[in-house]
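A short worksheet on the structure shown next.
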Amino acid sequence: MLQLVPEVAAFANLELRVVFNKDSSNVGPTEWAHLARLLDRERDAYDAFLIIHGTDTMAFTAAALSLMLVRCAGLMAGAAHTAAVEASNVVACRSGSRSQLC
């Protein structure tokens, strides 16, 4: 992420963790529960969480996490294409996340 949006380093102490790497159309209850457990376990160590997620099931993941977690600051960001695709909107989506978390 820092390679795509280096200005993030100016306003955030970012720790990147890949929780799972799969097409978002294959993300469901098992992954939601895993992510919720991780966020709950780590919530006291961070001010907020930025979750990078594909758009296929991002709304479902956001809804599930909102029901599983109470008072956990977070933002989900997604893009229509991966960073490897020339027409990707990944950089714009990640850059826009700054204004939401600050």
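Read the figures in this text as sums done on the coordinates, not as results from a lab. The structure displayed is predicted, hence computed values, not measured ones. In this analysis, Cβ positions are derived from the backbone assuming ideal geometry, glycine residues included, and neighbour counts consider all displayed protein chains.
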Fully extended, how many nm does the chain gain between residue 68 and residue 46 (0.36 nm per residue separation, minus their Cα-Cα distance)? 6.1 nm
In square nanometres, what is one fourth of the surface area of the convex hull spanned by the alpha carbons of the stretch 1-64? 4.9
Ordering 34-46, 6-18 by per-residue average of other C-beta atoms within 10 angstrom, highest first, gives 34-46, 6-18
